[in-house]
Amino acid sequence: MHGGDIYTEGILKGKELIDFSSNINPLGLPDSFKDNLQEALNWVQVYPDIQYRNLKRNLIDYLSFSLGYFYKEKVEKPNIKEENLVLGNGAVEIIDLAISNLKSISILVPSFVEYELCA
C-alpha cells in the first residue's frame, strides 16, 4: 500500500507509530512553511502559471547554490535551462511521462510497481 495506514495498525490499537512508508515529517510543519501557506492564500483566486516559470527560476537558483556547495565554489551560471526542467505531480507522473513514448520497456523485478503500471 502506498502511504501507511497508521490508523489500523497504530492509533486504533493505542500504539504510537512513526510512518516511514511515505514522506511524512514526524516533527510537523515548520513555521516558515506555515508562513508561506498564509502568503499563498492571497493568490488562491488566481490560476497558477501553467509553465511554472517562477518555480523553474527558483529551482535553478537553488541548484546553483547546491552545486556551489558541492564543488566548494560559487557556480554563477549552471548549465541548466528552464526548458530542460520537467515538473509533475509526484514521481509517478514523471515516470509515466518519461516512458509513455517508448515502444517497449524492460523492467527488472522486484521493482517499484508503478513502472509496470505505467508501461
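Annotations
- In this simple spin-label model, placing a label point 7 Å from the Cα along the Cα-to-Cβ direction at both ILE6 and ASP49 gives a separation of 3.5 nm.
- For segment 29-59, the list of chymotrypsin sites (Phe, Trp or Tyr not before Pro) that fall in a loop by DSSP and count at most 15 other C-beta atoms within 10 angstrom reads TYR52.
- Efficiency of FRET from Cβ geometry, LYS15 and LEU97, R₀ 30 Å, rounded to 0.05: 0.15
- Calculated FRET efficiency for the pair LEU27/ASN84, C-beta based, R₀ 30 Å, to 0.05: 0.30
Any read-out appearing in this document is the output of simple, stated calculations on the displayed coordinates, not a laboratory observation. Quick caveat, the model's predicted, so the values are computed rather than measured. Glycine also receives a Cβ, built like all others from the backbone with ideal geometry; neighbour counts cover every protein chain displayed.
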